[in-house]
Amino acid sequence: MEFSAVGTVTYRNGDQIIGFGHPLLNLGPTAIPLAGAYVHSVLPSLESSFKIASPAENEIGSISQDRSVGVAGSITVPPRLIPVRVEVTGSGGRPERYSFDVMEDSFLTPYLLYAALNGILSSSQKDVGDATLRIQEGSVMKVEGYDDIQLDNFFSGDYAAYYTSGTVAYISLMILNNEYNPARISGINLNLAYTDERRVARVGGFWCGRERGRPGDKVPLTVTLQPFRGKEITRTFDLTIPDELTPGKLFLQVGDGQTVSRKEEQSAGEFHPKDLAQLIWLINHLRANDKLYVII
């Protein structure tokens with residue numbers, strides 16, 4: 001997968017170059033891979049002439065500035081690239097492996113990562129219909145100088161592929177644009193398991209085995225789940241009443257990770273991490289989509 005733009009070199013001084021005479025995307029400081037190009041033909045036009053061209057295979061440097069008057073860079077300084085390795089195991093059980101490098105830019109990286117992952121899932125599986133994707137344990141985003149970000153999660157339904165790609169891309173957006181310290185992502189490894197089925201369920205109801213309890217007591221909770229096109233499931237487990245609670249009514253919320261997190265944010269307000277390490281800690285403790293949670 002490749003995105004490229006071809007333009008004219010305006011000026012060269014040693015290994016420093018200026019080109020285009022106009023912006024690429026007007027990104028300002030950046031780190032875009034630079035390569036030579038081959039012009040196959042020029043189409044003259046009184047309105048707007050243009051070239052038909054293709055990039056050369058080998059990178060020769062990087063573009064470090066993208067401004068309104070043109071781009072500037074070096075033919076010896078390599079770009080900062082993020083290696084991405086993806087393994088997709090489908091219903092047949094045979095893994096397919098993909099590898100690519102994506103440029104490191106706080107604006108472009110999340111978009112390119114999202115597009116590339118969607119392209120992989122589209123070509124190896126399908127675009128529409130029931131699907132389930134599990135980002136398996138061991139899938140990580142490596143951040144230099146900090147703990148690895150654990151990416152394992154679970155998505156199912158018509159938009160499973162988009163949520164999978166979007167989650168990885170959005171986490172990269174949070175890290176590269178964090179408000180605390182400049183951060184560099186040194187690599188992304190994804191191990192994906194794919195099936196052509198919808199694996200979702202809704203909570204039919206739940207009830208407590210006791211109406212009263214004291215701190216430290218175990219209260220039995222029973223939950224019914226209605227799987228998609230499946231038989232109802234009933235599960236009973238014990239909830240330990242926290243020791244620090246004061247007397248009064250307890251309100252329980254039961255649901256998947258996204259639902260209880262949304263409810264929790266509405267009642268408790270938004271929490272802001274104090275530094276990048278805490279932000280990564282919070283990402284690593286996001287609630288998973290394949291678990292049932294009870295919130296007091």
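Could you sort VAL9, VAL102 by accessible area so the largest value comes first, with the probe set to 1.4 Å?
VAL9, VAL102
Which FRET efficiency value, to the nearest 0.05, do you get for GLN65 and GLU197 by plugging their Cβ-Cβ distance into 1/(1 + (r/R0)^6) with R0 = 41 Å?
Step by step, r from the Cβ atoms, then E = 0.25.
Whose amide H sits under 5 Å from the amide H of SER186, counting only residues 5 or more places off or on another chain, with H placed in the peptide plane?
LYS142, VAL143, GLU144
For GLY61, which sequence-distant residues (separation of 5 or more, or a different chain) have an amide H within less than 5 Å of its own amide H, given hydrogens modelled in the peptide plane?
Amide H neighbours of GLY61: LEU34.
Report LYS51's accessible area, 1.4 Å probe, all protein chains in place, as a number in Å² to the nearest 10.
Result for LYS51: roughly 90 Å² accessible.
Return P(r) of segment 81-136 (all Cα-Cα pairs; 10 Å bins starting at 0; whole %; ordered from short to long distances).
Per 10 Å bin, starting at zero, the Cα-Cα P(r) for segment 81-136 comes out as 20, 50, 26, 4 percent.
For ASP290 paired with GLN258, estimate the spin-label separation in nm (one decimal), with each label point 7 Å from Cα along the Cα-to-Cβ line.
Taking the simple label geometry, ASP290 and GLN258 are separated by 1.6 nm.
Under 8 Å for C-alpha pairs, at least 6 residues apart: give me the relative contact order for the chain, rounded to a whole percent.
Answer for the chain is 13 percent.
Please report the carbon-and-sulfur percent of the accessible area for the chain; probe 1.4 Å, protein heavy atoms only, DNA, RNA and ligands left out.
Answer for the chain: carbon and sulfur cover 51 percent of the accessible area.
In Å², what does the accessible area per residue of the chain work out to with a 1.4 Å probe?
Accessible area per residue: 62 Å².
At what distance in angstrom do the alpha carbon centres of segment 66-110 and segment 243-265 lie from each other?
That distance is 41 Å.
Evaluate the charge dipole of segment 97-136 about its Cα centre and quote only its size in Debye, nearest 20, assuming +1 on the Cβ of each Lys and Arg and -1 on the Cβ of each Asp and Glu.
It comes to approximately 220 debye.
Can you give the angle from 0 to 90° between the axis of helix 108-124 and the longest principal axis of the chain, with both taken from C-alpha atoms, to the nearest 10?
Approximately 70 degrees, to the nearest ten.
Per the helix-only calculation at 222 nm, which mean residue ellipticity applies to the chain, given -39500 (n - 2.57) for every DSSP H run of n ≥ 4 and division by its residues, nearest 500 deg cm²/dmol?
-6000 deg cm²/dmol
Please give, to one decimal in nm, the separation of the simple spin-label points placed at MET174 and ASP152, each 7 Å out from Cα toward the Cβ.
Label-label distance for MET174 and ASP152, simple model: 1.8 nm.
Which of the three applies to segment 148-296, rounded, prolate or oblate, going by the alpha-carbon gyration tensor with a ≥ b ≥ c and a/c under 1.5 meaning rounded?
Cα axes put segment 148-296 in the oblate bin.
The values are calculated or read from the model by the stated rules, or taken from the named source; none is laboratory data. Everything quoted here is computed from the prediction, not taken from an experiment. No Cβ is skipped: glycine too gets one built from the backbone with ideal geometry, and neighbour counts run over all protein chains shown. Keep in mind that these areas ignore ligands, DNA and RNA; they rest on the heavy atoms of the full protein, side chains included. Shrake-Rupley method; radii C 1.70, N 1.55, O 1.52, S 1.80 Å.
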